[in-house]
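Q: I am attaching a structure below and will ask some questions about it afterwards.
Rule-based calculations on the coordinates, nothing more; no lab input. Note that this is a predicted model, so its numbers are computed, not measured. We place every Cβ from the backbone using ideal geometry, glycine too, and count neighbours over all the protein chains shown.
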Amino acid sequence: MTRTARDRGQAFPIYIVMVASLLFLAFAFFAVGQASATRNGAQGAADAAALAAAKDARGQLRSGFINAIGNPASWQGWLNGQGFLTASACSAADRLADANDADVLDCARQDWPDRGFTVEIETRYTVGRSVIPGTENKKATAEATAVIEPRCRFKEDEDADEDEENPRFEFRCDGGKRWIIDPGDEDFDPWKRGVLPSVADLFSVRLDD
């Protein structure tokens, strides 16, 4: 056997080891990518579920808006986000999680420093098979918090009669929007379009950083 042939014979096993190592690294990077995609999917599902809970709560607040008219003492608490049902909001979180192929592990109402909801979810899907053992059964969990922020300030009419049953009041909202509400006016119609601020005028919903 010539020296060249002997060198080739020695190099071939080294070549095989190098190729196998590169293939293993490629599959390992692919597994890391799978895990990252699963985590990102879980975080997206958690964000959507938390926002759904907060938006449902905001919708409930809007539903109670008309009921609060005529009771000025309750306005400030209402503007601070009081008066919504946690169960309804968390049901909305469940529906969004289900739509994103995930389950809600926990849905908790937050009242300080901001009102909102913290939702924890777990994906129904796994990372999948890979060169890393156990990934075929590995699910991802994530948590997100969405808050409800008032965008308006309540101001009662300073010139109103203290004995007046339904005094006039004003909402001053972000963006310079103002609403004068006078329940004592016989022409006042809370159901008329544009008479009362919309839910988006009254409250914003965002993910907590």
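Q: Once you put a point 7 Å from the Cα of LYS155 and another 7 Å from the Cα of THR141, both along the Cβ direction, what distance in nm separates them?
A: 4.8
Q: Also, quick follow-up: List the lysines whose alpha-carbon lies under 28 Å from that of LYS139, not counting same-chain residues fewer than 8 positions away?
A: Those lysines meeting the cut-off are LYS55.
Q: Mind checking the full-extension length gain between ASP208 and ASP98? Use 0.36 nm per residue of separation minus the Cα-Cα distance, one decimal, nm.
A: On the way: separation 110, 0.36 × 110 = 39.60 nm, distance 2.20 nm.
Length gained, ASP208 through ASP98: 37.4 nm.
Q: Describe numerically, in nm with one decimal, the distance between label points set 7 Å from Cα along Cα→Cβ at ALA87 and at TRP112.
A: That separation, rounded to one decimal, is 2.7 nm.
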